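What follows is a set of notes on a single structure, which appears directly below.
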Amino acid sequence: MGGFFGIASKKECLMDVYFGVDYHSHLGTRRAGLAAYDRNIGLQRQIHNIEKTPFRTKFEGVFEEMKGTSAIGCISDVDPQPLLIRSKMGTFAICTTGIINNAEELIEKYLDNGGHFDAMTGGNVNNTELLASLISLKGDFVQGIKFAQEVIDGTTTILILTDDGSIIAARDKMGRLPVLVGKNEDGYCVTLESFACTKLDYAEDRTLGPGEIVKITEDEIVQLVAPGNKKRVCSFLWTYYGYSTSSYEGISVEGMRYRDGALLAKQDEQKGSVGEIDYVCGMPDSGIPHAIGYANASGNHYARAFIKYTPTWARSFMPAKQIERDRIAKMKQIPVHDLIRDKKLLFVDDSIVRGTQIRETVDFLYENGAKEVHMRSACPPIMYGCKFLNFSRSTSDMDLIARRVILELEGEDGFAHIDEYIDATTERGQKLRDVLCKRFNFASLEFQSLQNIIEAIGLPECELCTYCWNGKE
């Protein structure tokens, strides 16, 4: 994943962009960068590795080295960016979020020309440079962006800072990621996370539509391409990786998670699938609001049975190696013994993806005296690795625990019955849950239904991407 933030202003804006980009740090842990435009200096850029340190600490000295009245920046889980590109359209800085699945094919078809495409990061194609090269094949930014988004298999949401200080923002053609524009008396900002806009004293002006392209200056927003009619906003924005204080398409993330948890509690009540429990708990951090919604709706007390020690370990997946991530996940969990010992606990997690850490967490709870640990997932079983935003970091569908269980139960023939495995009322669906309960030592397990997810979000199903659950594009 990744996130971005930019400003075009009448005054120096680099500090605001610095904070705006920092507000996207939950979306990536590998690279970060800033690019700025100043009338006297022109375009400038800095990129840093942030794998072992927060964004702010790497860019604290940027104000002594860069300045500008226009600037863009990004957090990236993949490529170093923004990049500075020289082209027939002039020099520009570019950053993007999304994924390109057909990079090698695009290079061979459009860019190789009998030579080679020199865009490598750690032995892989730098997708940002590939995108910039595709854009530069055309005569202007609009035609170049439209061309790139048409030929790319995946998702590309784009920010470009030009050599005259204007910003071009393009939402991906299916609108899988949000792009919000804010306004104040000095200019405009553009952001993925809405709270970054309001915290920096910009009023929300508009959300770009799918495929819409705009040019932003200190004085105005000019629509260059009108939005398309089809929209597929990523449902996982609300369920997991969006920040709780943001809103997408006018729908609050925190509010959606409360509604989702409440619907999950109602589903349990109708099935009679959980008996008396002492506390409802949330898996920190994104499982917490789902759990609050569950507790409020079920009438059970909410409690924090363990606390994450975040001053030094803010995120469990910062290290590159899984063994290191698992170790840190264990070290950061501090039990509250009075809320665990001899208690029946029901935990709500935002999702169960690979299952790499959940067994250790449940064992940790039993080791500290829990009588029962029930588990609830705030979304359906994840059956397909994301091919649009790559949020789960799964390189194969077989990284997913639900897929692996199906393979064990029926072999590849079982993949023809994924709809049944998702549904708890079917024999296959119950078998999936039984196997996971035994594997992870759950007293019981249930997943949120797809229809409840859609109801909690509040958008029509045809406007939501639910690919990771049902494989429908």
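All of the numbers you see were taken from the coordinates with simple rules; none came from a lab. On a predicted model such as this, the values are computed, not experimentally measured, just so you know. For neighbour counting, all protein chains shown are included, and Cβ atoms are generated from backbone atoms with ideal geometry for every residue, glycine included.
Read through the labelled values (1) 40, 24, 21; (2) 38, 24, 21; (3) 51, 32, 28 and report the label of the one computed as semi-axes √(5λ) of the Cα gyration tensor in Å from the structure.
The calculated read-out lines up with (1).
So what J values fall out for the stretch 341-353 if you push phi through Karplus, 6.51 cos²θ - 1.76 cosθ + 1.60 with θ = phi - 60°, rounded to Hz, Gly and Pro as x?
4, 6, 10, 8, 10, 10, 9, 10, 10, 5, 6, 10, 9
Can you give the angle from 0 to 90° between the axis of helix 253-271 and the longest principal axis of the chain, with both taken from C-alpha atoms, to the nearest 10?
20 degrees
Give me the net charge of Gly165's neighbourhood, meaning all other residues with Cβ under 14 Å from the Cβ of Gly165; Lys, Arg count +1, Asp, Glu -1. Present the calculation step by step, with values, prior to reporting the outcome.
Values: positive: Lys10, Lys11, Arg39, Lys67, Lys215; negative: Glu12, Asp38, Asp163, Asp164, Asp186, Glu218, Asp219, Glu220.
So the surrounding residues net to -3.
Remind me, relative contact order of the stretch 2-231 in percent, using alpha carbon pairs under 8 angstrom and six or more residues apart?
Details: 570 pairs, mean separation 48.4, N = 230.
Dividing the mean separation by the residue count of the stretch 2-231 yields 21 percent.
Sequence-distant or interchain residues sharing an amide H contact under 5 Å with Val373, placed H: which?
Excluding prolines and chain starts, which carry no amide H, the hits are Leu345, Ala443.
Can you give me the relative contact order of the chain as a percent, contacts being Cα pairs under 8 Å and 6 or more apart?
On the way: 1053 pairs, mean separation 56.2, N = 473.
Across the chain, relative contact order equals 12 percent.
Distance check, please: which entries in Lys10/Lys199; Lys431/Lys472; Lys138/Lys215; Lys10/Lys183; Lys308/Lys438 exceed 22 angstrom between their Cα atoms?
Values: Lys10/Lys199 19 Å; Lys431/Lys472 24 Å; Lys138/Lys215 18 Å; Lys10/Lys183 12 Å; Lys308/Lys438 26 Å.
Violating the 22 Å Cα-Cα cut-off are Lys431/Lys472; Lys308/Lys438.
Can you return the aspartates and glutamates within cross-link range of Lys88? Criterion is Cα-Cα under 13 Å, with same-chain partners fewer than 8 residues away left out.
Once the sequence-local aspartates and glutamates are set aside, what remains near Lys88 is Asp140, Asp163.
Over the stretch 260-459, what is the relative contact order in whole percent, taking alpha-carbon pairs under 8 Å and six or more residues apart? List each step's numbers first, then the result.
Details: 330 pairs, mean separation 40.6, N = 200.
Computed value for the stretch 260-459: 20 percent relative contact order.
Mind checking which aspartates and glutamates have their Cα closer than 12 Å to the Cα of Lys271? Skip sequence neighbours fewer than 8 apart in that chain.
Counting by Cα, and skipping residues close in sequence, Lys271 has these aspartates and glutamates nearby: Glu446.
Give the peptides 299-309, 72-82, 35-45, 94-104 in descending order of average Cβ contacts within 10 Å, highest first. Could the numbers behind the result be given before it?
Working: 299-309: 16.1, 72-82: 26.9, 35-45: 18.2, 94-104: 21.9.
Descending mean neighbour count gives 72-82, 94-104, 35-45, 299-309.
Grab the Cα-Cα distance for Met15 and Asp285, subtract it from 0.36 nm times how many residues apart they are, and report the gain in nm with one decimal.
Result: 94.4 nm gained on full extension.
With each pseudo-label sitting 7 Å past Cα toward Cβ, what's the Asp153-Glu185 distance in nm, one decimal?
Result: 5.3 nm between the two label points.
Could you calculate the FRET efficiency of Arg404 with Tyr110 from 1/(1 + (r/R0)^6), where r is the beta carbon distance between them and R0 is 30 Å, rounded to 0.05? List each step's numbers first, then the result.
On the way: r = 38 Å, r/R0 = 1.26.
For Arg404 and Tyr110, the calculated efficiency is 0.20.
Using θ = phi - 60° and the Karplus relation 6.51 cos²θ - 1.76 cosθ + 1.60, list the HN-Hα couplings for the stretch 87-97 in order, rounded to whole Hz, with x at every Gly or Pro.
In residue order, the calculated couplings are 8, 5, 8, x, 8, 8, 9, 9, 9, 8, 10 Hz.
From the backbone phi of the stretch 407-423, what are the Karplus-calculated ³J(HN,Hα) couplings (6.51 cos²θ - 1.76 cosθ + 1.60, θ = phi - 60°) in whole Hz, Gly and Pro given as x?
Karplus-based 3J(HN,Hα) across the stretch 407-423 equals 4, 5, 6, 10, x, 5, 4, x, 5, 6, 10, 4, 4, 6, 5, 5, 7 Hz.
Give the list, by residue number, of cysteines in the chain with no other Cys Cβ closer than 4.7 Å, or say none.
Here Cys13, Cys189, Cys197, Cys234, Cys281, Cys379, Cys386, Cys437, Cys462, Cys465, Cys468 come out as lacking a disulfide-compatible partner, given the Cβ-Cβ threshold of under 4.7 Å.
Going by amide H atoms built from the backbone, whose H comes under 5 Å of the H on Met383, apart from near neighbours?
HN-HN under 5 Å from Met383: Trp469.
Sort the following peptides by mean Cβ neighbour count (other Cβ atoms within 10 Å, averaged over residues), highest first: 207-215, 429-437, 332-340, 370-378. Intermediate results must be reported in sequence, preceding the final value.
Details: 207-215: 20.1, 429-437: 17.9, 332-340: 15.9, 370-378: 23.7.
So the order, starting with the most tightly packed, is 370-378, 207-215, 429-437, 332-340.
Out of residues 5 or more away from Ser351 or on other chains, whose amide H comes under 5 Å of its own, with H placed 1.01 Å from N in the peptide plane?
Under 5 Å from the amide H of Ser351: Ala378.
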